[in-house]
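**Q** One structure, pasted below without further comment.
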Amino acid sequence: MQRKSLWMLLSFALLLGALLVWLQRGDGIARQAERQLLLPALAGQLEKVRALEIRHGELPRIRIVREGDAWVVPDKAGYPAAAGEVNRLLRALAAARKVEAKTRNPDNHARLGLAEAGEGAATRLTLEGLGGAPQVLLIGQASRQGGQLVRWPDDAQVWLVDQPLALVDNELAWLDRRIAEIPFASVREVAVRHADGERLRAGRDSAEQFNLNLLDLPAGRRLAYEGALNSMAALFSSLDFADAASLAQVAFDGRPELEFVVRTFAGGELQGRFYLRGGQHWLVLGESRGLGAQLIGQRDWAYRLEAPQYAVLARRAGELLAPRE
């Protein structure tokens with residue numbers, strides 16, 4: 001009896017030892033996988049990526065394609081993409097390392113934003129050009145520990161990686177929305193003409209003069225406050241659009257609601273005109289010279305500006321003058 005009990009205890013100990021070895025082996029494999037690069041094929045090979053696609057659930061895809069040294073959005077008539085955002089994403093993907101293996105249970109995927117479809121669907125990122133078939137990564141929620149939860153479409157294993165990879169699923173956010181970046185200090189004059197013929201010219205004599213003046217100031221009148229016209233020049237220091245449409249796809253009839261000219265001390269000039277369509281203000285750029293990289297927008301496109309942006313430029317002298325004394 002004692003011998004039988006001894007054999008039972010010995011067998012149990014051997015079984016327990018084998019189980020412990022197996023568990024340690026599995027844990028070792030998991031630890032070995034941790035800190036590995038998420039996309040080793042991308043490391044040092046960013047220039048090989050020819051295209052990327054972003055798709056969240058049933059929303060339309062966002063496709064961005066490399067053309068030479070630039071990125072463009074084909075579905076937006078080839079408009080330039082925000083290269084800084086694209087390169088930031090690629091650098092983050094190339095640097096991303098697996099930090100920790102999370103759940104393998106598919107029932108948890110939707111809760112983590114990593115489901116294939118439906119509620120809790122992941123953002124699907126596709127990279128093309130790295131050799132072989134396109135690489136597809138499912139991107140889920142950001143982790144409270146920092147980093148992002150991800151997995152591969154054919155693998156239930158969820159991984160925490162050490163880089164934030166949240167992707168905006170709005171096409172507009174991936175466009176280069178800059179129209180102009182003309183430094184405020186370089187602007188000599190801004191002139192506007194309304195559809196009814198009223199004109200306004202704001203300007204200054206030198207770059208050392210901070211405030212713009214009303215160049216056609218009526219006799220005996222003064223501005224309501226110093227700097228009342230500065231916003232007209234400052235608008236062009238960081239002018240972004242709210243939407244864009246190719247002039248090959250949209251036409252504007254009738255007279256512009258507003259025309260403008262911006263002139264710089266260095267001899268640069270930008271002309272443009274606004275059209276009112278559906279209650280929205282659309283800017284079409286005209287002739288320009290001497291602005292170089294300060295002008296990013298294109299003449300064959302129309303740019304929708306927000307109402308407050310338009311209002312800054314569509315000033316009238318009467319609203320800028322102090323009451324008569």
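The values are calculated or read from the model by the stated rules, or taken from the named source; none is laboratory data. Keep in mind the model is a prediction, meaning the values are calculated, not measured. FYI the Cβ positions are ideal-geometry reconstructions off the backbone, even for glycines, and counts take in every protein chain you see.
**Q** Report the residue count in region 307-325 for those that are more than 15 Å from MET232 (Cβ to Cβ) and free of Cβ contacts under 8 Å to residues at least 24 places away in the same chain.
**A** Final tally of qualifying residues: 3.
**Q** In region 170-179, how many are assigned to a loop (DSSP other than H, G, I, E, B) and either of a type in the set (Phe, Trp, Tyr) or buried (at least 16 other Cβ atoms within 10 Å of the Cβ) (or both)? Give the derivation first.
**A** Keep residues of region 170-179 that are assigned to a loop (DSSP other than H, G, I, E, B), which gives 170, 176-177.
From the residues that got through so far, the ones that are either of a type in the set (Phe, Trp, Tyr) or buried (at least 16 other Cβ atoms within 10 Å of the Cβ) (or both) too are 176-177.
Matching residues across region 170-179 total 2.
**Q** Another question, then. Against the condition within 30 Å of ALA224 (Cα to Cα), in contact (Cβ under 8 Å) with a residue 12 or more places away in the chain and either out of contact with any Cys (no Cβ under 8 Å at 6 or more places or on another chain) or not aliphatic (A, V, I, L, M) (or both), how does GLN294 come out, does it pass?
**A** Numbers: within 30 Å of ALA224 (Cα to Cα): no; in contact (Cβ under 8 Å) with a residue 12 or more places away in the chain: yes; either out of contact with any Cys (no Cβ under 8 Å at 6 or more places or on another chain) or not aliphatic (A, V, I, L, M) (or both): yes.
When the stated conditions are applied, GLN294 does not pass them.
**Q** May I pose another question? What is the residue count in region 206-238 for residues that are of a type in the set (S, T, N, Q), exposed (fewer than 15 other Cβ atoms within 10 Å of the Cβ) and free of Cβ contacts under 8 Å to residues at least 40 places away in the same chain?
**A** Matching residues across region 206-238 total 2.
**Q** While we're looking at this one, here's another question. Please tell me if ALA195 is crowded, with 18+ Cβ neighbours inside 10 Å and touching a strand residue (DSSP E or B) at 6+ places or on another chain (Cβ under 9 Å). Working first, answer last.
**A** Working: crowded, with 18+ Cβ neighbours inside 10 Å: no; touching a strand residue (DSSP E or B) at 6+ places or on another chain (Cβ under 9 Å): yes.
Taking the combined requirement at face value, the residue does not satisfy it.
One line per residue, one yes/no per condition, for (1) farther than 22 Å from ARG88 by Cα; (2) at pLDDT 95 or above; (3) touching a strand residue (DSSP E or B) at 6+ places or on another chain (Cβ under 6 Å):
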site: GLN145; (1), (2), (3): no, no, no
site: TRP152; (1), (2), (3): no, yes, no
site: ASP155; (1), (2), (3): yes, yes, no
site: VAL158; (1), (2), (3): yes, yes, yes
site: VAL168; (1), (2), (3): no, no, no
site: TRP174; (1), (2), (3): no, yes, yes
site: ILE179; (1), (2), (3): no, yes, yes
site: SER186; (1), (2), (3): yes, yes, yes
site: GLU189; (1), (2), (3): yes, yes, yes
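**Q** Would region 155-174 turn up any residue that is touching a Ser or Thr at 6+ places or on another chain (Cβ under 8 Å), of a type in the set (D, E, K, R) and not assigned by TED's automatic domain parsing to the domain that holds LEU247?
**A** yes
**Q** Given the conditions (1) surrounded by fewer than 12 Cβ atoms within 10 Å (Cβ to Cβ); (2) more than 32 Å from the chain's Cα centre (by Cα); (3) not aliphatic (A, V, I, L, M), report the number of the one that GLN249 does not fulfil.
**A** So GLN249 meets the others, but not (2).
**Q** Checking SER231 against (1) under 30 Å from ASP75 (Cα atoms); (2) within 29 Å of the chain's Cα centre (by Cα), only one condition comes out false. Which one?
**A** Exception for SER231: condition (1).
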